[in-house]
Amino acid sequence: MKKLKWGMIGGGEGSQIGPAHRLGALADGHFELAAGALDHRPEVGREYAQRLGVAADRAYGGWEDMLAGEQGREDRVDLVTVATPNSTHFEITKSFLEAGFNVLCEKPMTMTVEEGEEIVRVAESTGKICAVNYCYSAYPMVRQARAMVRTGEIGKVRLVVTNFSHGHHGDATDADNPRVRWRYDPKMAGVSGQFADCGIHALHMASFVCDDEVKTLSADFASTIASRELEDDAMVNFRMDGGTVGRLWTSSVAIGRQHGFDIQIFGETGGLRWASEQPNQLIYTPVGGRTQIIEKGEGGLSADAERLSRVAIAHPEGFPLAVANIYCDLADAIRGEIRDGLPNAADGVRSMAAVHAAVASSNDNGAWVDARPSIFR
Ligand code: NAI
């Protein structure tokens, strides 16, 4: 099958998420890296792109040059990944969609709900794919949990509890480190720190596994390190359309917790538990029965969990492979087969609406507020 051409914006050398995208996009041979504007420093980005095998005339110094250069080509890129800092996502994503490119945007998709709604509209009107990298949803055992909820194996879901709490910004003496400080500075990060950074992964996961959407929420934000303007810890209670009660804790000062992302789903006839630090295992307890460990790779899993399992039973699935699964589904979508489960612009704007609702709620003593973007009310 002909390889799809892939372009990348951001994700330069030394960036956090860039290598995961390259491993993910290139892992299965669906895509080849054909163009890039990889760094905020034009020369550094051009040089690195060429080292990665990009031809000199497609190693761009900035995303505007890449847009202009790719637009006119017969062999233009089939997909553009936006892996730049958050405040640039909207402008870049919108520009490429409008020019007829498919886009995979990093989370958070935008800084405001209005921008997010605009992206949903542009994606709809252009008919182009706008995916958002909620990559944890592509772990095989997350798909298994979703399938078990869908087939009623735990009955109606009463309660979902999810955490994305780590301790890597918990050292007050390191709070002024430039790589850490911007995350809590509203000028760089927007209205929310930890909730918009990690909390939205957990919120998307709750919606994804429960197959339901967040309707209302009540939030309590705290900046536990006094020099921080934005929250480094948040507790968010929510309710879903189907009545499920949700609890979410996200923190960056939970020293001792490493990745700290987990979810528990409690239904009328059973419970499920998954944690990103043990991604191969889904813990299942039927009501009144014994707790079982369902292992990735064993027989009898859902078709989706089997499709997305890359390595044999007992071998660990790595995080980049979850990203690779997003790229596989994107390749299928570009080629015309839209698969269920690809996180999209609607998921992106729901997150932004939840972030803004949580800020409003926290500022109003945890008042219950509508968490949906207006286009989905
Ligand atoms: P980083 O600061 O480590 O790297 C950002 C890269 O983008 C650098 O190479 C920088 O030179 C480049 N860049 C900045 N402005 C640019 C511009 N205008 N044009 C081209 N390149 C530009 O940031 P990190 O941690 O890699 O985060 C990038 C994005 O990925 C963020 O939106 C972040 O929220 C998201 N992310 C998502 C994760 C996930 O689990 N889905 C995990 C980590 C980050």
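The values are calculated or read from the model by the stated rules, or taken from the named source; none is laboratory data. None of these values were measured; they are calculated from a predicted model. Counting neighbours? That spans all protein chains shown, and the Cβs are built from the backbone with ideal geometry, glycine included. Heads up: the accessible areas ignore ligands, DNA and RNA and are worked out on the full protein's heavy atoms, side chains in. Shrake-Rupley method; radii C 1.70, N 1.55, O 1.52, S 1.80 Å.
With R₀ fixed at 30 Å, the C-beta to C-beta distance from THR285 to ASP211 puts the FRET efficiency at about 0.90.
Computed from label points 7 Å out along Cα-Cβ, the spacing between ARG51 and ALA226 is 4.3 nm. In whole angstrom, how far apart do the alpha carbon centroids of the range 1-21 and the range 69-136 sit? About 14 Å separates the Cα centre of the range 1-21 from the one of the range 69-136.
Pairs exceeding a 27 Å alpha-carbon distance, out of LYS5/LYS187; LYS156/LYS296; LYS3/LYS296; LYS107/LYS128; LYS128/LYS156: LYS5/LYS187; LYS3/LYS296; LYS128/LYS156. Considering only ASP197, ASP171, ASP233, the mean-square fluctuation computed in a Gaussian network model of the chain, springs between alpha carbons under 10 angstrom, is largest for ASP171. Less than 15 Å from a label point 7 Å out along the Cα-to-Cβ axis of ILE255: which backbone N atoms in the range 147-174 qualify, by residue? Label zone hits: 166-174. Under a 5 Å amide H cut-off, with hydrogens placed 1.01 Å from N, THR216 pairs with ARG239, ALA371 among residues at least 5 apart or on other chains.
A crude spin-label estimate for the pair ASP364 and ASP65, with each label 7 Å from Cα along the Cβ direction, gives 4.8 nm.
What the phi angles of the range 360-373 give under the Karplus curve with 6.51, -1.76 and 1.60, with θ = phi - 60°, is a coupling list of 4, 5, 4, 6, 10, 6, x, 4, 6, 10, 6, 9, 9, x Hz, glycine and proline written as x.
Assuming a ≥ b ≥ c are the square roots of the Cα gyration tensor eigenvalues, decide whether the range 4-132 counts as rounded (a/c under 1.5), prolate (otherwise, with a/b larger than b/c) or oblate. Prolate shape, in that a/c is at least 1.5 and a/b is the bigger ratio. In the assembled protein chains, HIS168 presents an accessible area of approximately 110 Å² (probe radius 1.4 Å). Taking packing as the residue-averaged number of other Cβ atoms within 10 angstrom, the listed peptides 131-137, 120-126 run from highest to lowest as 131-137, 120-126.
If I take R0 = 25 Å and measure r between the Cβ atoms of ASN177 and GLU277 in this structure, what FRET efficiency does the formula 1/(1 + (r/R0)^6) give, to the nearest 0.05? Plugging the Cβ-Cβ distance into 1/(1 + (r/R0)^6) gives 0.50. Each Lys or Arg adds one and each Asp or Glu subtracts one; over the other residues with Cβ under 10 Å from the Cβ of SER223, this totals -3.
How about the range 278-320: which trypsin sites (Lys or Arg not before Pro) there lie in a loop by DSSP and see at most 15 other Cβ atoms within 10 Å? Can you show the working numbers first?
Details: sites: ARG290, LYS296, ARG307, ARG310; in loops: ARG290, LYS296, ARG310.
Here the sparse-neighbourhood loop sites are ARG290.
Rounded to a whole number, what % of the accessible area of the chain do carbon and sulfur atoms account for, probe 1.4 Å?
Numbers: 7790 of 15550 Å².
Carbon with sulfur: 50 percent of the solvent-accessible area.
Near VAL311, once Lys and Arg are set to +1 and Asp and Glu to -1 for all other residues with Cβ below 10 Å from its Cβ, the sum equals +1. Using Cα centres only, tell me the gap between the range 342-377 and the range 292-327 in whole Å. First find each Cα centre; the distance between them is then 31 Å.
The residues of the range 243-377 expose, per residue, 44 Å² of accessible area to a 1.4 Å probe. Remark: relative contact order (the chain) = 20 percent; criterion is Cα-Cα distance under 8 angstrom and separation of 6 or more residues.
Which percentage, to the nearest 5, of the DSSP beta bridges contained in the chain is antiparallel?
Details: 38 of 64 bridges.
Counting DSSP beta bridges with both partners in the chain, the antiparallel share is about 60 percent.
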